[in-house]
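The structure under discussion appears below in the form of structure tokens.
Every number here is computed from the coordinates shown, using simple stated rules; none is lab data. All values reported here derive from a predicted model rather than from experimental measurement. Virtual Cβ from ideal backbone geometry, glycine too; neighbours counted across all protein chains shown.
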DNA sequence: TAAAGTAATGCAAACGTTTGCAAAATACAA
DNA sequence: TTGTATTTTGCAAACGTTTGCATTACTTTA
């Protein structure tokens with residue numbers, strides 16, 4: 001019985017003795033409807049409390065004015081920051097955003113891709129799971145030429161639009177920074193190598209060591225999901241026996257912060273005894289004591305580029321515009337107290 | 001040309017020489033379709049790469065299996081935590097979630113409510129803007145009996161389902177705690193009173209003072225948007241002249257953290273010279289030095305209750321189930337170092 | 001005043017589902 | 001076998017829009 005109040009353009013048409021097509025056109029500001037009619041229609045629409053039905057319009061037009069977004073989790077700084085930007089930018093373009101979290105589960109990601117396809121989103125933005133190595137669940141989008149953009153955690157060997165940070169340079173810069181500040185035995189705590197961006201940071205780390213003629217040792221690098229618990233456990237391993245490292249480059253800030261807490265517990269001074277660099281420039285790095293050096297990834301810029309790329313794809317759905325390409329967002333090292341110390345000459349060996 | 005690949009149930013029907021109705025029923029596991037037919041249909045659906053069109057189904061059924069969520073911003077701890085819970089819970093119920101941010105702008109909130117209505121969401125969950133005092137933009141939902149649930153920042157005098165924290169008790173507990181730890185001159189930094197929950201916390205603050213026979217002074221309470229910048233400025237005001245307060249109860253953790261940083265800058269010892277209590281139990285309170293006492297609001301519980309309430313409303317759309325009621329989620333004070341100190345007897349005056 | 005041109009409106013089909021009701025096919029009983 | 005009950009399937013309308021094409025209503029010009 002409650003449904004009696006839902007007005008449609010048919011109601012407007014009847015009320016005004018016009019045809020539905022005229023009403024539809026009037027509401028959409030079609031140029032060949034007279035100004036007077038438009039006015040009448042809009043007034044009546046307001047009077048009746050008419051609300052357009054996006055489902056019906058979407059069905060007819062084959063577009064929903066909705067974009068899907070899949071991120072690992074919304075509670076982590078970097079994806080949250082990007083989601084915010086994307087949401088606000090898309091709003092300006094008149095698009096809605098369906099934000100979904102995969103919780104870093106491959107199965108959930110697959111399920112989400114399918115429901116978002118069913119929802120007939122006009123485009124999909126994804127930062128993949130840590131463990132996504134098979135990308136065939138995105139085929140529906142790619143093969144149907146529905147705009148598809150990946151950011152940050154992006155696929156390897158899958159032709160698609162990609163916007164990522166400069167992770168190689170990030171790893172290289174972070175490590176070089178530690179070396180320049182005097183570190184000679186640097187541990188790297190990395191995410192799992194199934195995720196491409198960690199691979200690149202590791203490559204940057206290695207390359208920095210090499211360039212400064214420092215030995216690379218497999219035992220000085222750890223691969224793990226970068227959670228607080230794992231960080232703590234790894235610290236226990238690292239500091240179970242001497243010699244202690246004099247620097248740690250952690251591939252996220254949660255890990256870096258946890259390392260610092262561990263150091264406090266075992267009375268290791270940061271930065272005097274151990275220097276730490278994190279990744280992402282999470283605001284938390286600034287409020288801990290001492291503040292932690294980190295690698296900024298310019299989330300705002302990345303978010304804006306994602307939306308720009310998406311809108312390009314959306315508007316050029318059938319033109320021959322290239323559906324894939326890779327864009328690299330720069331990084332910047334933000335030096336803070338956790339890696340302070342005299343910049344030492346780096347060419348001479350210890 | 002790309003559209004040629006989009007299969008529909010009509011294609012399945014033709015392929016199988018069945019009617020579309022049979023195919024539809026088969027896919028929906030309707031009981032009076034034979035098992036053999038169901039099997040055939042599902043096989044063919046898979047073979048053709050059929051994907052249901054949620055828009056069409058939604059139009060026909062007058063439901064979209066989608067819920068809308070409006071929060072001030074997704075990058076703040078509390079709304080982010082709740083959103084995560086809500087999203088994951090809804091997924092279990094087979095619902096999609098459209099997360100939107102109002103950025104604490106009333107105009108944006110109004111706009112979002114309208115587009116979400118147009119999108120024909122099956123329900124709406126809202127934590128309002130700081131400045132929302134007129135709630136008439138929600139009338140469309142309320143009057144059409146579309147499930148509508150508010151949490152945390154909830155309306156006043158607007159009959160609707162509400163799930164909120166125990167803000168009065170939170171304010172009371174936080175203040176009492178400071179008093180018990182020896183504070184006699186307690187500043188309260190509150191959010192704007194347009195938002196109901198701050199009003200209640202203020203009431204709790206006052207009542208605690210009164211109960212311990214401490215004077216309430218208007219000059220010791222500040223109303224502001226609880227940002228980092230505002231917190232810093234307020235600190236400058238507070239510490240521009242003596243006597244300094246010996247305790248501050250801040251209505252969010254960002255403010256509490258900023259106060260602590262300010263204290264470090266002016267060499268005021270926390271907790272010896274000044275004790276601090278925040279609100280929300282943001283994980284950041286735990287990693288700063290010293291860790292900050294805060295009031296936990298049980299976001300997980302609140303999120304779960306929100307979804308439960310929503311699902312109740314959704315499933316009992318036309319039964320006479322009450323569309324409004326208020327639920328209070330408990331709070332708990334988490335005492336940390338920022339308010340440490342001997343528990344002093346509180347009855348005797350200074 | 002009629003012809004021709006332009007502006008404004010209407011008709012009807014289509015988008016992809018679901019579902020009440022009718023019809024057909026099968027099973028069961030006599 | 002025939003009739004009846006039961007299971008399975010099909011027909012067609014409906015959901016609320018949009019849009020190509022046809023039609024009608026106005027202007028303008030000669």
- When a footprinting reagent is the concern and you count Cβ atoms within 10 Å, what order do B:263, A:183 take, fewest first? B:263, A:183
- When only alpha-carbon atoms count, how far does segment B:2-52 stretch along each of its three principal axes, as whole angstroms with the largest first? 36, 16, 15
- Query: Which whole-number percent is the relative contact order of segment A:2-52 (Cα, under 8 Å, 6+ apart)?
  - Reply: 42
- Sum -39500 (n - 2.57) across every DSSP H segment of at least 4 residues in the protein assembly as shown, then divide by the residue count to get the 222 nm mean residue ellipticity, nearest 500. -13000 deg cm²/dmol
- Item | Evaluated at q = 0.22 Å⁻¹: base-10 log I(q)/I(0), Debye formula over Cα of segment B:1-125 | -1.17
- Item | residue B:194-residue B:229 FRET efficiency (beta carbon distance; Förster radius 30 Å; 0.05 resolution) | 0.95
- Task: Determine the distance separating the Cα centre of segment A:166-244 from the Cα centre of segment A:6-29; give it in Å without decimals.
- Result: 65
- Take peptides A:45-53, B:98-106 and line them up by average Cβ neighbours within 10 Å, highest first, as a rough protection proxy. B:98-106, A:45-53
- Compactness index (Cα Rg / 2.2 N^0.38 Å), segment A:228-336: 1.48
- Going by how many other beta carbons lie within 10 Å of each one, how would you line up A:212, A:188, fewest first? A:212, A:188
- Item | Point-to-point label distance, residue B:34-residue A:8, nm (Cα→Cβ direction, 7 Å offset) | 3.7
- Query: Cα axis of helix A:196-211 to longest principal axis of chain A: angle in degrees, 0 to 90, nearest 10?
  - Reply: 30
- Message: Please compute the average number of Cβ atoms from other chains found within 10 Å of each residue's Cβ in peptide A:143-156.
- Response: 1
- Kindly rank A:131-140, A:60-69 from highest to lowest mean number of other beta carbons found within 10 Å of each residue. A:60-69, A:131-140
- Across bins of 20 angstrom width beginning at 0, how are the C-alpha pair distances of the protein assembly as shown distributed, in whole percent? 16, 43, 32, 9, 0
- Query: Counting partner chain Cβ atoms within 10 Å of every residue's Cβ in B:52-62, what's the average?
  - Reply: 6
- Item | Radius of gyration and Dmax over the Cα atoms of chain B, both given in Å | 26.3, 91
- Relative to the longest principal Cα axis of chain A, at what angle does helix A:228-238 sit, 0 to 90 degrees, rounded to 10? 20
- Message: Checking the a/c ratio against 1.5 first, then a/b against b/c, what shape does the Cα gyration tensor give for segment B:179-255?
- Response: oblate
- Query: So what's the angle, to the nearest 10 degrees on a 0 to 90 scale, between helix B:35-48 and the longest Cα principal axis of chain B?
  - Reply: 70
- Item | By average C-beta atoms within 10 angstrom, highest first, the peptides A:116-125, A:25-34 | A:116-125, A:25-34
- For B:68-76, what's the mean count of beta carbons from other chains sitting within 10 Å of each residue's beta carbon? 3
